[in-house]
Amino acid sequence: MVNKTQPNNEPVVTYLNTIEPQQKRQDCLRLLEIMEDVMGEKARMWGDMIGSYTYHITPHSSRSF
């Protein structure tokens, strides 16, 4: 199985600054602050999604993702 969502180096703020209208963009930037504060890690872009931590999953079949 190939994971199509991979982390990249695009700054999260750069992505969020493209959001319109302005109020929605401001809300997203505030949510980013909250997310990073709660998770204790800087957020990263994962494809076109924002994530703030990684978690390695090994199912019962011992196949690693």
Would you point out which residue out of 58, 14 is in a loop (DSSP other than H, G, I, E, B) and open to solvent by 60 Å² or more (accessible area, probe 1.4 Å)? 58
Take the conditions modelled with pLDDT of 95 or more, outside any helix (DSSP H, G or I) and open to solvent by 100 Å² or more (accessible area, probe 1.4 Å) and apply them to residue 20. Does it pass? yes
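The values are calculated or read from the model by the stated rules, or taken from the named source; none is laboratory data. Quantities reported herein were computed from a predicted structural model and do not represent experimental measurements. Just so you know, the surface numbers come from the protein's heavy atoms only, side chains and all, with ligands and any DNA or RNA stripped out. Shrake-Rupley method; radii C 1.70, N 1.55, O 1.52, S 1.80 Å.
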